[in-house]
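K.L.:
Just passing along the structure, written as structure tokens.
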Amino acid sequence: TRADYPDKKTLADLFEQQADKTPESTAVIFEDQSLTYAALNARANQLAHHLAALGVGHETLVGICARRSLKMVIGLLGILKAGGVYVPLDPSYPRHRLRFMLEESQIPVLLSQTDLLGQLPASAVATVDLTRAREKIAACSQENPIRKIGPDHLAYVIYTSGSTGTPKGVAGLHRGLVNRLAWM
């Protein structure tokens, strides 16, 4: 059952390799918008540098509450490229569940969108509005950030459905995520 996969790489490493290999190929399409690998890499790098300036680094949990969009993809990659761990917060969740997840995960930074900020429970978490901070983020470097993480570091924390009554955070490593994507 053993199959080789890039077991020394993180998801961000693999994405950067693909961006170098096919920079002008389409990386992501959402509705009538698209980004090439080069453009997606540059924008994710800018966000990663912005997050690093906020203290995001080695396995820092970063929440992301965004609708499906190019911004969401940039957000996820930006978090990983900064060395952080993404914690997805579905904007359709009830407010009490979002509050629980924010309190339980103790994330220091949350990425969101202007139209969703009013739906989120009050919190002391530093919030980056991906819409309003666009110019500030765009002023950051487009170069790949230097990460000090590897395949045995956290990539994400997702919350279970709460079948026991209370949702539980489940952590996933880059190694497992890369393995899963290679298998797929």
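The values are calculated or read from the model by the stated rules, or taken from the named source; none is laboratory data. Just so it is clear, the structure is predicted and the values come from calculations on it, not from any experiment. Because the Cβ atoms are built from the backbone with ideal geometry, glycine has one as well, and the counts that use them run over all protein chains shown. Just the protein is used for accessible areas: all its heavy atoms, side chains included, with ligands, DNA and RNA removed. Shrake-Rupley method; radii C 1.70, N 1.55, O 1.52, S 1.80 Å.
K.L.:
Any chance you could run the full-extension gain for LYS8 through ASP90? It's 0.36 nm times the residue separation minus the Cα-Cα distance, nm to one decimal.
P.N.:
Details: separation 82, 0.36 × 82 = 29.52 nm, distance 3.07 nm.
Taking LYS8 through ASP90 to full extension adds about 26.5 nm, to one decimal.
K.L.:
Can you compute the modelled spin-label distance between ASP32 and ASP152, with each label point 7 Å from Cα toward Cβ, in nm?
P.N.:
About 5.0 nm, to one decimal.
K.L.:
Also, I was wondering about something else. At a probe size of 1.4 Å, how large is the accessible area of THR36, to the nearest 10 Å²?
P.N.:
Looks like 40 Å² after rounding.
K.L.:
Testing the spin-label approximation: label points 7 Å from Cα along Cα→Cβ at LEU116 and SER25. State their distance in nm.
P.N.:
2.8 nm
K.L.:
How big is the accessible area of SER163 in square angstrom, nearest 10, if you roll a 1.4 angstrom probe over the protein chains?
P.N.:
The value for SER163 is about 110 Å².
K.L.:
While we're looking at this one, here's another question. Quick one: 3J(HN,Hα) in Hz for the range 163-176, Karplus 6.51/-1.76/1.60 with θ = phi - 60°, rounded, Gly and Pro as x.
P.N.:
Residue by residue, the range 163-176 yields 4, 8, x, 10, x, 10, x, 10, 8, x, 8, 4, 4, x Hz.
K.L.:
Continuing with the same structure: Given a cut-off of 23 Å, name the pairs among LYS71/LYS148; LYS21/LYS136; LYS8/LYS136; LYS9/LYS136; LYS8/LYS148 whose C-alpha atoms lie farther apart than that in the structure shown. Show your work: numbers first, answer last.
P.N.:
Values: LYS71/LYS148 25 Å; LYS21/LYS136 29 Å; LYS8/LYS136 33 Å; LYS9/LYS136 30 Å; LYS8/LYS148 13 Å.
Cα-Cα > 23 Å for LYS71/LYS148; LYS21/LYS136; LYS8/LYS136; LYS9/LYS136; rest within.
K.L.:
Positive end of the charge dipole of the chain (Lys, Arg +1 and Asp, Glu -1 on Cβ, about the Cα centre): tell me which of ALA66, ILE107, GLY84 has its Cα farthest that way.
P.N.:
The Cα lying farthest towards the positive end belongs to ILE107.
K.L.:
Which percent of the accessible heavy-atom area of the chain goes to carbon and sulfur, probe 1.4 angstrom? Walk me through the intermediate numbers first.
P.N.:
Details: 5190 of 10060 Å².
Taking all protein chains in place, the chain shows 52 percent carbon and sulfur surface.
K.L.:
Using the Karplus curve 6.51 cos²θ - 1.76 cosθ + 1.60 with θ = phi - 60°, work out ³J(HN,Hα) for each residue of the range 72-80 in order, rounded to whole Hz, and write x for Gly and Pro.
P.N.:
Once rounded to whole Hz, the list reads 5, 5, 4, x, 4, 5, x, 4, 5.
K.L.:
On to the next question. Rounded to whole Å, give me the distance from the Cα center of the range 103-129 to that of the range 1-30.
P.N.:
Measuring centre to centre over Cα atoms gives 29 Å.
K.L.:
With log10 I(q)/I(0) by the Debye sum over Cα atoms at q = 0.10 Å⁻¹ as the read-out, I listed [x] -0.54; [y] -0.39; [z] -0.49; which label goes with the value calculated from this structure?
P.N.:
Only one option fits the structure, namely [y].
K.L.:
Here is a follow-up. Would you pull out the residues with amide H under 5 Å of LEU173's amide H, same chain only if 5 or more places away, H placed 1.01 Å from N?
P.N.:
ALA155
K.L.:
When ligands, DNA and RNA are left out and all protein chains stay put, how many square angstrom of accessible area per residue does the chain have with a 1.4 Å probe?
P.N.:
On the way: 10060 Å² over 184 residues.
I get 55 Å² per residue for the chain.
K.L.:
Another question about this same structure. Please turn the phi angles of the range 90-97 into ³J(HN,Hα) values with the Karplus equation 6.51 cos²θ - 1.76 cosθ + 1.60 (θ = phi - 60°), one per residue in order, whole Hz, x for glycine and proline.
P.N.:
Result, ordered by residue: 5, x, 7, 5, x, 4, 5, 5 Hz.
K.L.:
Please compute the contact order of the chain in relative form: average sequence separation of alpha-carbon pairs under 8 Å and at least six residues apart, divided by the residue count, as a percent. If you can, show how the numbers build up before the last one.
P.N.:
Working: 318 pairs, mean separation 47.9, N = 184.
Once normalised by length, the contact order is 26 percent.
K.L.:
Note down the accessible area of ARG180, probe 1.4 Å, to the nearest 10 Å².
P.N.:
Accessible area, nearest 10 Å²: 130 Å².
K.L.:
Something else: Given charges of +1 on the Cβ of Lys and Arg and -1 on the Cβ of Asp and Glu, with all other atoms neutral, how large is the dipole of the chain about its Cα centre, in debye to the nearest 20?
P.N.:
Numbers: 20 positive and 17 negative charges, 57 e Å.
For the chain, the charge dipole is close to 280 debye.
K.L.:
Something else about it: Taking amide hydrogens as modeled 1.01 Å from N in the peptide plane, which residues meet the under 5 Å criterion relative to ALA66, leaving out close sequence neighbours?
P.N.:
When sequence neighbours closer than 5 places are left aside, the close amide H contacts are LEU89.
K.L.:
Would you work out which of HIS96, GLN46, ASN144 lies farthest towards the positive end of the dipole of the chain? Charges go on Cβ: Lys and Arg +1, Asp and Glu -1.
P.N.:
HIS96
K.L.:
Search the structure for amide H atoms under 5 Å from the amide H of LEU130, placed 1.01 Å from N in the peptide plane, and list their residues when 5 or more places away or on another chain.
P.N.:
For LEU130, the qualifying residues are SER112, GLN113, THR114.
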